[in-house]
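The values are calculated or read from the model by the stated rules, or taken from the named source; none is laboratory data. What you see is a predicted model, and the numbers here were worked out from it, not measured in a lab. Note that we place each Cβ from the backbone using ideal geometry, even for glycine, and neighbour counts take in every protein chain shown. Accessible surface is based on the protein model in full, side chains and every heavy atom, while ligands, DNA and RNA are left aside. Shrake-Rupley method; radii C 1.70, N 1.55, O 1.52, S 1.80 Å.
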Amino acid sequence: KITGVYGIAKDITKQVEIEQKLREEHNMFRAIIDYIPDHIFVINEKHETILTNHSFYKNYYGVESEQESLGLTALDFFEKEEAATKVLEDNTQVMNNGIPVINREDIVQDFNGKKNYTLLTKVPFRFGDNKKGLVGISRNITEIKEKEKALEELNTALKKHADELALSNKELEQFAYIASHDLQEPLRMVTSFLT
């Protein structure tokens, strides 16, 4: 009779190293996503949010964690149903047609009701099980748009001021011509008397 302990050992060093590398890459990926000031989101074919970054869930959904934003749709986010429907239709187009939306200017309302100008990009995405989704990035360009508007207003005011100056210069030229003519007339008379 043989007694003892028998065992089989398997070297899993390579697997542990791969898992460690995946964790590191995941942490790096999350750090990049969360600290980019742009609003990043991923939705599935049911239009549910499955990933958001800090900027998106904090500024648009007005929640404190990504977990609170998961599963929400445009219907939960937009105050008016027509705005939500428009977003859902747009997302469906991107997912079904596979044609991305690149740097489209949009106006989006945040959870406080404040309207923001955004530069929006949406690209189709396929999950491992071949289900559809999309990845979106939205950059708030409200400050730029406000500066553009202020610049346009300043240019308009400047053009108006230049037009007024041109008119004033014409009137001044006319006055100088009349004054010059009026001053020359008595001198002509004196010259004529002297001759």
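Write out, first by first residue and then by second, each pair whose Cβ atoms fall under 9 Å of each other, whose residues are 6+ apart or on separate chains, and whose first residue, in segment 51-62, is free of Cβ contacts under 8 Å to residues at least 12 places away in the same chain while the second is open to solvent by 10 Å² or more (accessible area, probe 1.4 Å) and in a loop (DSSP other than H, G, I, E, B).
LYS58/GLU64
With the condition kept exactly as written, say whether any residue in segment 152-163 is part of a helix (DSSP H, G or I), at pLDDT 90 or above, more than 24 Å from THR52 (Cβ to Cβ) and open to solvent by less than 70 Å² (accessible area, probe 1.4 Å).
Checked segment 152-163: at least one residue is part of a helix (DSSP H, G or I), at pLDDT 90 or above, more than 24 Å from THR52 (Cβ to Cβ) and open to solvent by less than 70 Å² (accessible area, probe 1.4 Å).
Collect the residues in segment 146-176 that are under 30 Å from TYR117 (Cβ atoms) and either hydroxyl-bearing (Ser, Thr, Tyr) or touching a Leu at 6+ places or on another chain (Cβ under 7 Å) (or both), keeping them in residue-number order.
THR156
Report whether or not GLU68 is without any contact (Cβ under 8 Å) to a residue 12 or more places away in the chain, farther than 23 Å from PHE29 by Cα and of a type in the set (D, E, K, R).
no
Name the residues in segment 8-37 that are open to solvent by less than 90 Å² (accessible area, probe 1.4 Å), closer than 30 Å to GLN93 by Cα and of a type outside the set (Asp, Glu), would you?
ARG30, ILE33, ILE36
What's the total number of residues in segment 125-144 that are open to solvent by 60 Å² or more (accessible area, probe 1.4 Å), of a type in the set (S, T, N, Q) and either assigned to a helix (DSSP H, G or I) or in contact (Cβ under 8 Å) with a residue 12 or more places away in the chain (or both)?
1
Report yes if ALA84 is more than 20 Å from the chain's Cα centre (by Cα), without any contact (Cβ under 8 Å) to a residue 12 or more places away in the chain and over 22 Å from PHE127 (Cβ atoms), otherwise no.
Criteria not met by ALA84.
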